[in-house]
Amino acid sequence: MNPIVKNILAVIAGWFGGSIINMGLIITGHSIFPIDGIDPNDRKAFAEVLPTLDFEYFVFPFLAHALGTLVGAAIAYKVAASHKMKMALIIGVLFLIGGIVVNYILPGPTWFAVADILVAYIPMAWIGTKIAKRL
């Protein structure tokens, strides 16, 4: 297979795999820590209540972002034909852009936004490459 095509497929596979992990953890978090009286699909109501929530409501979103990025980057690294680290870091950047957008659309506490943006994306993509190298 053409290495360029394989690298493109690596990014697509990493994005898809990481997104599955992300959404699975978000759904799990909503079932473990439901927000009384709020439909998580009602973006406006959800955005209004987010800044008032306690720490435990942000554990699963952080894990979703971090582990989704880590797994996605590891997948991209393993599938890529060349420039493996670059393909994995592309996943980190794509998830970072998504994280910035989500933190803008659904503003939570500042501490969460800072931790999420600084830790859950690029560092996790890098860690994902280190894990994938060993597999």
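Just so you know, all these numbers are worked out from the coordinates, no wet-lab data involved. These numbers come from a predicted model, not from an experiment. Note that we place each Cβ from the backbone using ideal geometry, even for glycine, and neighbour counts take in every protein chain shown.
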Q | Average projection area in nm² (convex hull over Cα atoms of the stretch 3-134, one quarter of hull surface) | A | 7.7 nm²
Q | Size of charge dipole - the chain - debye, nearest 20, with Cβ of Lys, Arg +1 and Asp, Glu -1, no other charges | A | 1040 debye
Q. Given only helices, namely DSSP H runs of n ≥ 4 each adding -39500 (n - 2.57), what is the per-residue ellipticity at 222 nm of the chain, to the nearest 500 deg cm²/dmol?
A. -25500 deg cm²/dmol
**Q.** Exposure proxy ranking, count of Cβ atoms within 10 Å, fewest first, for Ile90, Ile12, Ile122
**A.** Ile12, Ile122, Ile90
**Q.** Debye intensity ratio I(q)/I(0), log10, the stretch 1-78, q values 0.16 Å⁻¹ (C-alpha model)
**A.** -0.65
Q | Pair Phe62, Arg43: separation of 7 Å Cα→Cβ label points (nm) | A | 2.6 nm
